[in-house]
Ligand SMILES: NC(=O)C1=CN([C@@H]2O[C@H](COP(=O)(O)OP(=O)(O)OC[C@H]3O[C@@H](n4cnc5c(N)ncnc54)[C@H](OP(=O)(O)O)[C@@H]3O)[C@@H](O)[C@H]2O)C=CC1
Ligand SMILES: N[C@@H](CC=O)C(=O)O
Ligand code: NA
């Protein structure tokens with residue numbers, strides 16, 4: 001049995017995990033593939049760095065040493081970032097090498113170009129780790145649920161922010177401390193603003209929606225709000241009202257087209273996603289034939305992510321060994337309109353700081369009413385110096401109307417501050 005030689009681009013958190021799994025499960029993997037899988041070369045930035053894994057592979061700093069090595073048949077990109085990762089993947093596909101990647105930035109932005117190159121050069125491009133870390137979601141959506149029209153995808157797809165919100169909720173940890181902890185655990189992106197700003201989740205949602213809805217959905221199509229404005233007060237009020245705050249990624253398809261959004265949301269404590277804590281992710285997928293399905297597991301971290309990357313390597317290695325390829329490549333067959341978040345509807349949680357004097361509540365209720373925003377409940381909370389904090393929950397209202405109401409409130413002398421405005425999802429408020 002001839003060995004299948006592969007190369008890794010990167011040996012950071014994920015690459016280290018792949019090296020470990022290929023070594024510790026070598027026998028098992030060899031049986032599944034029908035040949036040993038050998039890491040021949042690894043591209044790194046700094047070959048002198050102390051690594052926490054031993055490898056027989058040659059560490060190289062020049063990608064051409066991998067590209068021009070005819071023995072290397074699979075390139076696993078676990079470097080991250082758009083440049084030069086995308087160029088390396090494209091070059092590898094064009095050179096007839098199969099590519100496995102964990103890189104949602106590149107898949108979300110350049111997926112079409114990479115798939116075209118893979119198709120033209122009869123190579124595979126697999127990216128299971130790019131969404132949901134170790135959770136199988138790309139393959140199930142593309143293959144196992146291929147018979148369905150997907151109508152809705154909703155989930156928690158960023159491990160860093162879910163870890164942060166969990167620690168802030170359960171242990172009242174400070175935002176900066178808990179972000180540092182997520183970084184130390186290897187969950188965060190090299191630029192963690194992608195995590196806390198919601199962009200990492202938005203890229204993942206663009207990938208999921210493109211596959212699920214059979215139309216190209218880009219990062220620009222996704223409405224993105226991160227968790228940077230979530231205050232401990234919001235988390236506390238959520239708890240008092242029977243909710244928990246989660247960063248949700250939501251993609252819906254209806255007669256208007258597609259709507260894709262990432263934002264923090266109040267979720268009822270009884271909702272299944274409310275129990276998804278720490279670095280865990282979970283994704284609901286609704287199909288016309290299958291109904292509701294849910295995928296759950298660790299969304300980030302060395303070994304879970306490496307599990308997905310290594311499984312892709314095993315799949316490609318099996319295909320090489322058996323001289324077959326059965327992959328579904330690009331599934332963006334159609335063009336579908338994307339409708340803006342302003343047209344979406346939900347109840348809202350609003351936290352305001354207002355002057356503490358008679359008539360203020362009536363004035364605020366009037367401002368909401370002028371924009372067709374009806375209030376479900378008004379909770380007058382603590383005193384903050386000479387002001388009062390008001391917590392409001394609205395009935396269902398369009399995003400457009402809530403923005404108009406907020407603009408009116410900002411112009412009112414009795415309103416000193418809008419503390420936060422957060423959507424309420426999946427709650428019976430009618
Ligand atoms: N960490 C996680 O939990 C998850 C990560 N991902 C994705 O996996 C990918 C890798 O992430 P992660 O392992 O955390 O990243 P790390 O920052 O830990 O590792 C990056 C690796 O790539 C190497 N590298 C970076 N740039 C270059 C370059 N220009 N030339 C050569 N080598 C380079 C680094 O080399 P050196 O070691 O010498 O510095 C390092 O080994 C990213 O796309 C990320 O989004 C996906 C799911 C989960
Ligand atoms: N930074 C990402 C890593 C996995 O994709 C996350 O926290 O989910
Ligand atoms: Na995955």
### Query
Across every pair of different alpha-carbon atoms, what Kirkwood hydrodynamic radius in Å does the chain reach?
23.1
#### Entry: Ratio Rg/Rh, restricted to region 92-215 and using Cα atoms, in which Rh is the Kirkwood radius
1.04
### Summary
Under Stokes-Einstein, region 342-424 at 4 °C and 1.567 mPa s, with its Kirkwood radius over C-alpha pairs, diffuses with a coefficient in µm²/s of 103
## Note on the structure
Most exposed first, judged by fewest Cβ atoms within 10 angstrom, 60, 260 run 60, 260
### Task
With a Förster radius of 35 Å, plug the Cβ-Cβ distance of residue 28 and residue 334 into 1/(1 + (r/R0)^6) and report the FRET value to the nearest 0.05.
0.30
### Query
Taking a ≥ b ≥ c as the square roots of the eigenvalues of the Cα gyration tensor of region 377-423, is the shape rounded (a/c under 1.5), prolate (a/b larger than b/c) or oblate?
oblate
### Task
Report, in degrees rounded to the nearest 10, the 0 to 90 angle that the Cα long axis of helix 159-170 makes with the longest principal axis of the chain.
40
## Note on the structure
The extension gain from residue 353 to residue 56, computed as 0.36 nm times the residue separation minus the Cα-Cα distance, is 100.7 nm
### Gain in span if fully extended, residue 68 to residue 174, counting 0.36 nm per residue against the direct Cα distance
33.2 nm
### Message
What distance in nm separates the two pseudo spin-label positions at residue 428 and residue 275, each 7 Å out from Cα along the beta-carbon direction?
### Response
1.9
#### Entry: region 138-297 - convex hull of alpha carbons, volume per residue in Å³
115
### Task
Please give the helix 104-120 orientation as an angle from the longest Cα principal axis of the chain, in degrees from 0 to 90, rounded to the nearest 10.
40
### Task
Calculate how steeply helix 399-410 sits against the longest principal axis of the alpha-carbon atoms of the chain, using the helix alpha-carbon long axis, and give the answer as 0 to 90 degrees to the nearest 10.
50
### Task
First measure r as the distance between the Cβ atoms of residue 48 and residue 362, then evaluate 1/(1 + (r/R0)^6) with R0 = 51 Å and state the FRET efficiency to the nearest 0.05.
0.15
### Summary
Quick shape check on region 17-73: root eigenvalues a ≥ b ≥ c of the Cα gyration tensor, a/c under 1.5 is rounded, otherwise prolate if a/b tops b/c, else oblate, and it reads oblate
## Note on the structure
Between residue 321 and residue 82, the two model label points (7 Å from Cα along the beta-carbon direction) sit apart by a distance in nm of 3.9
### Task
Can you tell me what the convex hull of the Cα atoms of region 288-430 projects to on average, as an area in nm²?
14.9
### Query
For the pair residue 342 and residue 120, what calculated FRET efficiency results from E = 1/(1 + (r/R0)^6), where r is the Cβ-Cβ distance and R0 = 45 Å, to the nearest 0.05?
0.65
#### Entry: Length-normalised contact order for the chain - Cα pairs under 8 Å, 6+ apart - percent
17
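None of the figures in this text is laboratory data; all of them are computed from the coordinates on show. Just so it is clear, the structure is predicted and the values come from calculations on it, not from any experiment. Ideal geometry is used to build each Cβ from the backbone, glycine not excepted, and the neighbour counts take in all protein chains shown.
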